[in-house]
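*Asks:* Before anything else, here's the structure in question.
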Amino acid sequence: MESNMVETRGLKKYYRLGDNVVKALDGVDFAVREQEFVAVIGRSGSGKSTLLHMVGGLDTPTEGEVYVAGRDLSGMTKEELAVFRRRKVGFIFQNYNLVPDLNIYENVVLPIELDGKRVDREFVEEILEVLKLTEKREAFPGNLSGGQQQRAAIARALASKPAIILADEPTGNLDTASGHDVMGLLKVVAKQFQQTVVLITHDQDIAQMADRIVCIEDGQIRKGRGLHA
Amino acid sequence: MLKNNNTQVLKRMAGRSLKSSRRQSATMILAVLLSAFMLFSVFTVGMTYFKMQRLQNIRLGGGEYDAIMYGVTDEQLSTCRENPDILRFGVHALSGYIDETEYDNTPEVMLIWADETCWNEIMAPARERVEGRYPVEEDEVMVTEYALEKCGFHGLNVGDTFTAVYGAGAVKCEKTFRISGIWEGFGEKSAFYVSEKFYEQTGLDPADVASGRFLIDFRQTLISQEEQDTFIDSMKLGKQQRLFFTADSAFSIQILTGIAGLALVTCLCAYLLIYNIMYLSVAGNIRYYGLLQTIGMTGRQICGLIRRQMFLIGGIGLAGGVLLGSGVSFLVVPSVVKSLGIHMGKGGEIAVSFHPLILLLTLLLTGITVCIAGRKPAKTAVMCSPMEALGFRPSADVKRRGRLGGSRHLERKGHVSSSARIWRMAKEQITKDKRKAGIVMLSLAAGMSVFLCITTILTSQARREYNYNFRDFDMVVKNGTMRKEEQEKRVQIFDQTVLDRLDAVEGVSETAPLCYAEITVPWEPEFADMWMREFYETWMNIPYEDEVEEYKEFPENFGSSLVGISKADFEALNAVSEEPVDEAEFLSGKTCLLYRNGLELKNSDVTGKSVTCAAYGDRAHTRTFDIGGLVDVNDYTALLGYPPTIIVSENVVKEFADEPIIYKIGIRYREEYDAKTEAAILSVLDADPHGKDYSYESRIEMKREVEKAQGNMMEIGIGIALILALIGIMNYVNTFVGNIRSRRVEIAVLESIGMTGRQVKKMLILEGLLYAGGAWVITGIAGTAVTYKIYQSMNYAGTGFVIPAVPCVCAAVISVLICVSVPAAAYRDIERKGIVEYIKTASL
């Protein structure tokens, strides 16, 4: 039986907004198998980014459990979560979030260096090669196009050989051609490096490139194509 | 083009934006408030400080005057009367001395006549209490309790009488004096002030340099060197006459330059504080201004909006700063002074000074600073296109991105530890925006430099007055019988028993007695004649020719002294001599040194010649010395006669005279300012049969006197230093906190990819340390240089430039603590919101 890389049980996240309670997530049971490429789709404010933040250990749930690579995140301290993120999770954000003062190579190896680990240079070079960034390895983020910056963000997410890659609207800031290009590459590298990927998007076309699509609406999972839960 | 009346909308928006971003507005208002407070308090408290310094000088000098002249002729008096720059002048004439009373043979109390202007106007600020009135009748005296006690009188009051033998010129007689008044305060307290009638009957003349002291007070506070020289020339001084300007008058221009320097650094601190905060705040709002541009606001309108915001912030901050400054200056400082129990006399009543100009200057300087500080960020806001504004990050520096720095090096190394990576990131934060980093360092350095400058000046102020004797002894005990006219009354009061007892006092590390023998210097054409001729020209009113025959025939009428000094004294003297003398020759008695006594003789006039002395009353007992040179140190003079004071080795004096009299003993303690040792020494001396015949000077006494004269100058000075240091620190805190807040998105990104809170804190603390280090380098180089310049311009006491170690080490430690704790606290503040909040912001 295939094991689950990600599993949430009865996940709830409630915010208080004045006198109202906003239910960003309202009892989400969600699972992703190892090496699976899952797209989570939903309208703006549906709770898809909140789900990603919970899975990535960026935010803590109001109720419920989150397991990533067999570990329960709910009992972890802030420091443990930070270490967990740099070892087990690779993030790709809509606005790339590269450190502007570091060049591309430095950005890519930053999580590894922060962990005090030795950089697997051959592996990093390979990633850069696949993502067509070898030429740009010493350039600074500000001197690259959006597509190139997002490819660098993918490289950074892969470099520490994480258990899972979480991508939050990675094509949101890119034009259609660049968006498809980046998605194509993400799919290729995920396969090549046997990565599990959870992709958040509101773009149906982009979502079609995933192995499975999960639809989220009003903080709850709606059953759909290829649903596995 | 038609005028577009948008004033109302801009006004409304400026007000609303201040209300909506309360925290940011509060920070900016605080920055302006602090700057206005700093300028206002520094100017007010500074003005008070310098008034107090003036009061200290008045107290130490015994009156409010700018120049003192020895001897004044009628012609010079009329020149002074015609001089429009002179506010007032008065005569302070030596009228004799109290020779003895029935209780004390050596009272050492002078008789002085002060004319009306001198007593009522010039000396008044130095007095704290007066009872009775100034003497009018010939037998009346104005006394101090101190002088009465020196004469052995206790419990006398106004109207009481006492009898004493006094000397005045050639006269010496017993007289009953009536006390017409008693005063307390600062100045010549070891004196009885006498009436004009008394002075006239003594036959002394104010024109005589030995009697007349002429105190001159000028109208202006600042007297340039040129003006001083012109005045001295106009007085056409005789050869014996001397005219000196008091220290604070002589150096008034330099002192003012020093104050101006301090004010300039203070303004710089204020500017940096406001600039930093304004820049960070406006830079943080660039997206907002971008949005305004998007909806059609023109650059000019944005500028107008920012100007209005600055006006509101500046107005509130300025009012608050001036109010706070007034509160601190007029309420807190005086109450602190009061609680310290510092008493201000009637003459020297000093409230915290205020001048409308200070308020105007504060308003003007702060206003200008707000305008200048707001201009650059406003320009940035206008220059930024709407689209650029949406992606604007205040800390990013495009230029830096083109360079690769040390990345290749790091890469080549293969493995980079997490510490090295964090260290490098901290370093890059500093170097990526050098200008901003420079401003933060400069603002911290400016505060620290002012602190350094003021503590250096204050420490030297505290240090300068107490090193009053040549070899820096803690106490100097003098033989009081030395003042007696009759030779038989000058006796050995410090015999071997006293010396042994002093040596036995625990806490005494060295006793250095100086002995002398009375001598005559027989006339001879080569040296003695030349010396006496010069002496008469300089110091005497009668020509040498009138008395040369008497000198040749009765040299006993022209006595002098042969002073014996130790090897250590000789070494100290030789170190300051123009031409050092061979030690072996001096100690063996082959050569001697002569005290110059103010004569215009040069070393070349006397070296190569010899001087012969004879024992007083025994012409046959002589000794001849080669003259090694002239010295100006007057610590080695015993009885000053017309012929020279001959300084030789103590063994030579002991060989020459049977029992040379010890006239002075220098005593050094194991620990400076050891009051216990001083009390033990005094009890040894008081227990001696000659216990009433000695006098002493000590560092402890001197320190006490100076501290009393200084009043609360030190506290006020420390107050200024602390205010400035505090402002420097607040400036740093504000800037650093602003800097971290503007980087919160960047920090959140780093945390999202796995940087732990500890690592972020470490990076920020390292940044803080780098800032502190940079600020100390600037303070160490520029701050020390400025301090040295200001210090030298104000250093009329001539003390050496020494940076006070303890305050500086404390300041360094405190600055490091702050530089470390501020980033940690600022991080805690942004950490509370969590990463997601900022990641969302980044995603907008």
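The values are calculated or read from the model by the stated rules, or taken from the named source; none is laboratory data. Source: prediction; values computed, not measured. Every residue, glycine as well, gets a Cβ built from its backbone with ideal geometry; the counts of neighbours run over all protein chains shown.
*Asks:* Within the stretch B:755-769, take every residue that is surrounded by fewer than 20 Cβ atoms within 10 Å (Cβ to Cβ) and touching a residue at least 12 places away in the same chain (Cβ under 8 Å) and give me the one that is nearest to B:Phe801 (Cα to Cα).
*Replies:* B:Leu769
*Asks:* In the stretch A:88-109, what count of residues is obtained for those that are facing chain B (nearest Cβ under 7 Å), farther than 14 Å from A:Phe140 by Cα and not in a loop (DSSP other than H, G, I, E, B)?
*Replies:* Matching residues across the stretch A:88-109 total 1.
*Asks:* Of these, A:Leu199, A:Leu186, which one is crowded, with 22+ Cβ neighbours inside 10 Å and outside any helix (DSSP H, G or I)?
*Replies:* Matching residue, one of A:Leu199, A:Leu186: A:Leu199.
*Asks:* Counting only residues that are without any contact (Cβ under 8 Å) to a residue 60 or more places away in the chain and buried (at least 18 other Cβ atoms within 10 Å of the Cβ), how many does the stretch B:578-589 have?
*Replies:* Counting residues in the stretch B:578-589 that are without any contact (Cβ under 8 Å) to a residue 60 or more places away in the chain and buried (at least 18 other Cβ atoms within 10 Å of the Cβ) gives 1.
*Asks:* Where in the stretch B:269-371 are there helices (runs of 4 or more DSSP H), lying wholly inside it, with at least 1 residues that are at pLDDT 80 or above and not aliphatic (A, V, I, L, M)?
*Replies:* The qualifying helices (runs of 4 or more DSSP H) are B:299-326.
*Asks:* Is it the case that some residue within the stretch B:735-754 is in contact with a Lys or Arg (Cβ under 9 Å, 6 or more places away or on another chain) and without any contact (Cβ under 8 Å) to a residue 60 or more places away in the chain?
*Replies:* yes
*Asks:* Being surrounded by fewer than 19 Cβ atoms within 10 Å (Cβ to Cβ), out of contact with any Leu (no Cβ under 7 Å at 6 or more places or on another chain) and free of Cβ contacts under 8 Å to residues at least 40 places away in the same chain narrows it down to one of B:Ala679, B:Ala615, so name that one.
*Replies:* B:Ala679
*Asks:* Have a look at A:Gly70, A:Gly45, A:Gly64 and point out the one that is of a type in the set (Gly, Ala, Ser), out of contact with any strand residue (DSSP E or B) (no Cβ under 8 Å at 6 or more places or on another chain) and more than 14 Å from chain B (Cβ to nearest Cβ).
*Replies:* On inspection, the qualifying residue turns out to be A:Gly70.
*Asks:* If I go through the stretch B:108-166 residue by residue, how many of them are in a helix (DSSP H, G or I) and acidic (Asp, Glu)?
*Replies:* Selection size over the stretch B:108-166: 4.
*Asks:* Is it the case that B:Leu215 is modelled with pLDDT of 75 or more and either surrounded by fewer than 21 Cβ atoms within 10 Å (Cβ to Cβ) or in a strand (DSSP E or B) (or both)?
*Replies:* Yes: the conditions hold for B:Leu215.
*Asks:* To continue, here is another question. Considering each residue of the stretch B:618-659, count those that are of a type in the set (Ser, Thr, Tyr), under 26 Å from B:Glu485 (Cα atoms) and touching a Leu at 6+ places or on another chain (Cβ under 6 Å), and give that number.
*Replies:* 0
*Asks:* Among the residues of the stretch B:85-93, are any within 30 Å of B:Asp233 (Cβ to Cβ), outside any strand (DSSP E or B) and in contact (Cβ under 8 Å) with a residue 60 or more places away in the chain?
*Replies:* Within the stretch B:85-93, one or more residues are within 30 Å of B:Asp233 (Cβ to Cβ), outside any strand (DSSP E or B) and in contact (Cβ under 8 Å) with a residue 60 or more places away in the chain.
*Asks:* Can you find a residue that is among the hydrophobic types (A, V, I, L, M, F, W, C), closer than 21 Å to B:Tyr199 by Cα, buried (at least 21 other Cβ atoms within 10 Å of the Cβ) and under 33 Å from the mean Cα position of the chain (by Cα) anywhere in the stretch B:125-136?
*Replies:* No - not one qualifying residue is present in the stretch B:125-136.
*Asks:* Let me ask something additional. For the stretch A:113-136, which residues satisfy the criterion of being more than 9 Å from every other protein chain (Cβ to nearest Cβ) and either assigned to a helix (DSSP H, G or I) or more than 25 Å from A:Val198 (Cα to Cα) (or both)?
*Replies:* A:Glu122, A:Phe123, A:Val124, A:Glu125, A:Glu126, A:Ile127, A:Leu128, A:Glu129, A:Val130, A:Thr134, A:Glu135, A:Lys136
*Asks:* Answer yes or no: is there a residue in the stretch A:21-34 that is away from chain B (no Cβ under 14 Å), surrounded by fewer than 15 Cβ atoms within 10 Å (Cβ to Cβ) and modelled with pLDDT of 90 or more.
*Replies:* Yes - at least one qualifying residue is present in the stretch A:21-34.
*Asks:* Could you run through the stretch A:168-179 and say how many residues are in a helix (DSSP H, G or I) and either buried (at least 17 other Cβ atoms within 10 Å of the Cβ) or on the phi > 0 side of the Ramachandran plot (or both)?
*Replies:* Residues in the stretch A:168-179 being in a helix (DSSP H, G or I) and either buried (at least 17 other Cβ atoms within 10 Å of the Cβ) or on the phi > 0 side of the Ramachandran plot (or both): 2 in total.
*Asks:* What number goes with the only condition from (1) farther than 17 Å from A:Pro162 by Cα; (2) modelled with pLDDT of 85 or more; (3) crowded, with 21+ Cβ neighbours inside 10 Å; (4) of a type outside the set (Gly, Ala, Ser) that A:Leu128 does not pass?
*Replies:* (1)
*Asks:* Output the residues belonging to the stretch A:73-82 that are surrounded by 19 or more Cβ atoms within 10 Å (Cβ to Cβ) and at the interface with chain B (Cβ under 7 Å from one of its Cβ atoms).
*Replies:* Answer for the stretch A:73-82, where residues must be surrounded by 19 or more Cβ atoms within 10 Å (Cβ to Cβ) and at the interface with chain B (Cβ under 7 Å from one of its Cβ atoms): just A:Ala82.
Quick grid of which residues meet (1) hydroxyl-bearing (Ser, Thr, Tyr); (2) surrounded by fewer than 19 Cβ atoms within 10 Å (Cβ to Cβ); (3) at pLDDT 85 or above:
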position	(1), (2), (3)
A:Glu113	no, no, no
A:Asp120	no, yes, yes
A:Phe123	no, yes, yes
A:Gln150	no, no, yes
A:Ala153	no, no, yes
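*Asks:* Please specify each residue of the stretch B:453-482 satisfying the condition of being out of contact with any helix residue (DSSP H, G or I) (no Cβ under 9 Å at 6 or more places or on another chain) and either part of a helix (DSSP H, G or I) or at pLDDT below 65 (or both).
*Replies:* Within the stretch B:453-482, B:Arg463, B:Gly480, B:Met482 qualify.
*Asks:* Further question on the same structure: Being touching a residue at least 40 places away in the same chain (Cβ under 8 Å) and farther than 27 Å from B:Glu226 by Cα is the requirement here; does B:Met69 meet it?
*Replies:* Spelling it out, it is not the case that B:Met69 is touching a residue at least 40 places away in the same chain (Cβ under 8 Å) and farther than 27 Å from B:Glu226 by Cα.
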